Amino acid sequence: MNVLSIPPVIRRFARYFTDAGYSLYIVGGAVRDHLLGLKSEDYDFTTDALPEQVMHLFKHVIPTGIEHGTVTVHFEKQSFEVTTFRSESDYLDGRHPSSVTFIPSLEEDLKRRDFTINAFAADCKDGRIIDLHDGKTDLKNRTIRAIGDPRQRFAEDALRILRAARIAAKLNFVIDKQTLSAMGMLKDNLSKVSAERIREELFKLVLSDHPARGLSYLREQGILTVMLPEFKGADGLYQGGMHHEDVLSHSISACQASVACTSTLEVRLAALLHDIGKSEVVVASEGRNTFIGHELAGEMISQSLLKRLKASNTLIKDVSHLVRHHMFDYQSTWSDSAVRRFIARAGLQYIPQLLQLRIADQIAIHGTANTVLLDELKQRIEAILEEHDALSIKDLAVNGNDLMDLGIPKGEKIGATLAYLLETVLDDPGQNNREQLLNLAEKYHCLAVFTN
Ligand code: ATP
Ligand code: MG
């Protein structure tokens, strides 16, 4: 496998470079993944053409990272990132090279890359694979090894510490011993790396097939709690009862178990974070620990952790909501109104994800999930949905304006009255008609005025 078969569109793309006297190579993950027999759609290119020269070759080019020599070319409805060969010198701040020099040498360009298995290049002309750092041997041994002196490479850019763990998690590879210990030694440099870059690697790790491998490497080297100090209290926190692992090990196991249930980022993250509130509320009792209210503490911690990583507001909302509601305790004895209350509380759109999270949690604890009760809950929810009963305030037969017409003042009072009406209707869907609800609202309001 010394030749990469170059897709026709890339051959046509490369022709523009070669016709103008430049070279073009596919580099990085795409070549590595090809050699592993994996599919890769994310092609990174490198060339000896300067960015301005690439911009002259094509009609639609965006200077996406021009200061690092990267432009994005739109070609035949696809986007290709092309970076000019470069060498980097003197990382003064441990995250940005203090200068980027464009060079005419592929060899120098491959030297600045992070790991031997990420330093292959495939010539787009004929697909010939160039391997100047013996990446093939490391691929064969399923090993991630820094190019050159690992300590120096991690000191230059501490993000590489996370990249090693993330790629180990993606490929189920081991990290070479020296590379691993250098990761631990330089972990504090991660504080120099921007939240966005850390977030991207962490999320890719969590979305990989083997997150436990990457997370365990990070834990073992003390990196995990540098990156996510919120886990400090979970590390070694004894649980007892049905739990055979401490809270941090269980969190890692649940994240791993979630791989079998989902490929969505919110559930994978919720699986990792669902018990993060336990250290805040732990109480020792009769030879075990109890953690009453940990889901509420966990909701707050997840919010601030994800905010610090500059995650999107939607992701923060979804993950913290799942963490908050992960402790539901469905039993066959639940009445229909209890099921309706559960839907109203948890939110209909979150229920499939809460079930996935529960399965991951159970697999982490017991090795398997008993889904009999969860399937029953699902069926009962489906039956309730078929009845089209009100499950949220917007499903009520009256709205805020109707209540204002009754003389109930705008704001908090309207909110409290609507919440009361929903409670009533969740108990007895038969009450969801306008006349009855207006009647109830009036009585509730009078009583509230009287008791205040
Ligand atoms: P994936 O398949 O997940 O995209 P990748 O190895 O292609 O993995 P990218 O982030 O797309 O990862 O980076 C492309 C290439 O750029 C890497 O293979 C590596 O050669 C180089 N690279 C990326 N980040 C760094 C870094 N921080 N330091 C050195 N080289 C890097
Ligand atoms: Mg890539």
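Taken together, the values in this text are just the output of simple stated rules run on the coordinates, not laboratory data. Keep in mind it's a predicted model, so treat the numbers as computed, not measured. Positions of Cβ are generated from backbone atoms using ideal geometry, with glycine treated the same way; all protein chains shown enter the neighbour counts.
Put the Cα centre of region 369-434 next to the Cα centre of region 299-353 and the gap is 18 Å. Net charge dipole, region 263-387: roughly 500 debye, given to the nearest 20, about the Cα centre with Cβ charges of +1 for Lys and Arg and -1 for Asp and Glu.
Rounded to two decimals, what is Rg over Rh for the chain when you use alpha-carbon atoms and the Kirkwood radius?
Working: Rg = 27.9 Å, Rh = 25.6 Å.
Value, to two decimals: 1.09.
Electrostatic tally near ASN289: other residues with Cβ closer than 14 Å to its Cβ, Lys and Arg +1, Asp and Glu -1, net -3.
Ordering ILE66, LEU357, GLY214 by the projection of their Cα atoms onto the charge dipole of the chain, which places +1 on the Cβ of Lys and Arg and -1 on the Cβ of Asp and Glu, puts ILE66 at the extreme positive end. Is region 8-141 rounded, prolate or oblate when judged by the Cα gyration tensor, a ≥ b ≥ c being the square roots of its eigenvalues, rounded requiring a/c under 1.5 and prolate requiring a/b larger than b/c? Cα axes put region 8-141 in the oblate bin.
What you get for region 102-200, charging only the Cβ of Lys and Arg (+1) and of Asp and Glu (-1), is a dipole of about 400 debye around the Cα centre. Whole-Hz Karplus values for region 202-219 come out as 4, 5, 5, 4, 5, 7, 6, 7, 10, x, 4, 5, x, 5, 5, 4, 5, 5 Hz, taken residue by residue from phi with 6.51 cos²θ - 1.76 cosθ + 1.60 and θ = phi - 60°; glycine and proline positions read x.
Relative to the longest principal axis of the chain, what angle (0 to 90°, nearest 10) does the C-alpha long axis of helix 8-19 take? Helix 8-19 sits roughly 40 degrees off the main axis of the chain. Among 107-117, 348-358, sorting by the average number of other beta carbon atoms lying within 10 angstrom of each residue, highest first, gives 107-117, 348-358.
Below 8 Å, C-alpha to C-alpha, sequence gap of six or more: please give me the relative contact order for region 316-452 in percent. Numbers along the way, then the final one.
Working: 93 pairs, mean separation 32.9, N = 137.
Rounded, it is 24 percent for region 316-452.
Distances between placed amide hydrogens fall under 5 Å for ASP44 paired with VAL27, ALA30, all partners being 5 or more residues away or on another chain.
Label ASP126 and GLU245 with points 7 Å out from Cα along Cα→Cβ: what is the distance between them in nm? Output for this residue pair reads 5.0 nm.
Taking 8 Å as the Cα distance limit and 6 or more residues as the minimum spacing, I'd like the relative contact order of region 141-255 as a percentage. Intermediate results must be reported in sequence, preceding the final value.
Details: 147 pairs, mean separation 29.6, N = 115.
Over region 141-255, the number comes to 26 percent.
Of the GluC sites (Glu not before Pro) found in region 165-211, no site is in coil according to DSSP while having at most 11 other Cβ atoms within 10 Å of its Cβ. Between the helical axis of 294-308 and the longest alpha-carbon principal axis of the chain there is an angle of about 40 degrees. With axes computed from alpha carbons, what is the tilt in degrees of helix 372-386 against the longest principal axis of the chain, rounded to the nearest 10 within 0 to 90? With rounding to tens, the tilt is 70 degrees.
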